[in-house]
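A.B. asks: Here you go, one structure.
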Amino acid sequence: MKRRNVDCAPGCPVEATLDLIDGKWKGVILFHLQGGRLRFGELRRKMPGITQRMLTKQLRALEDDGLVLREVFAEVPPRVEYELSEMGESLRPVIDALKRWAEEYRARQGAVAARPAGLSTHPPDAR
């Protein structure tokens, strides 16, 4: 996957990180691989919404970027396993922080939805 040249402006490190884990599936793949080595089929079962083609494409991109290691076993049928590389492991705190933030966000959204109609979530105007 072709990477953009990210010149070091103030948001450069964030942009570079997001460029590596962009899209709907890469972060999810990295999250599932935090639990250890997984075969292709195991990953696919953990993400029922992803197509085989998209999973293959995303795994290749993560491998090309050095975040995931792929091991092919000379067996019939062929067995392929994926795991986080050392660089991929270094993203663990980032993925964990995204997970925590999403859980807190969903809890807040649930609390807002549970409020009786007519109650504002914003403080009253101080006019």
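Values quoted throughout were computed directly from the atomic coordinates according to the rules given, and no laboratory measurement underlies them. Owing to the predicted nature of the structure, the values given are computational and were not obtained by experimental measurement. Counting neighbours? That spans all protein chains shown, and the Cβs are built from the backbone with ideal geometry, glycine included.
A.B. asks: Whole-Hz ³J(HN,Hα) for each residue in segment 39-51, computed from phi via Karplus 6.51 cos²θ - 1.76 cosθ + 1.60 with θ = phi - 60°, x for glycine and proline: what do you get?
C.D. replies: For segment 39-51, the Karplus-derived couplings read 7, 3, x, 5, 4, 4, 5, 6, 10, x, x, 9, 7 Hz, x marking Gly and Pro.
A.B. asks: Going by amide H atoms built from the backbone, whose H comes under 5 Å of the H on VAL68, apart from near neighbours?
C.D. replies: For VAL68, the qualifying residues are GLU63, SER85.
A.B. asks: On to the next question. Run the reach check for LYS26 against aspartates and glutamates, Cα to Cα strictly under 20 Å, same-chain hits fewer than 8 apart removed. What comes back?
C.D. replies: Partners found: GLU15, GLU42, GLU63, ASP64, ASP65, GLU71, GLU81, GLU83, GLU86, GLU89, ASP96, GLU103.
A.B. asks: Given Cβ point charges of +1 (Lys, Arg) and -1 (Asp, Glu) and nothing else, what value in debye, to the nearest 20, does the dipole of segment 12-113 about its Cα centre take? Write out the running numbers ahead of the final one.
C.D. replies: On the way: 17 positive and 16 negative charges, 121 e Å.
My answer is approximately 580 debye.
A.B. asks: Calculate the all-directions average of the projected area of segment 12-113's alpha-carbon convex hull, and give it in nm².
C.D. replies: Details: hull surface 31.2 nm².
Hull-based average projected area comes out at 7.8 nm².
A.B. asks: Once you put a point 7 Å from the Cα of GLU83 and another 7 Å from the Cα of LYS24, both along the Cβ direction, what distance in nm separates them?
C.D. replies: That separation, rounded to one decimal, is 3.0 nm.
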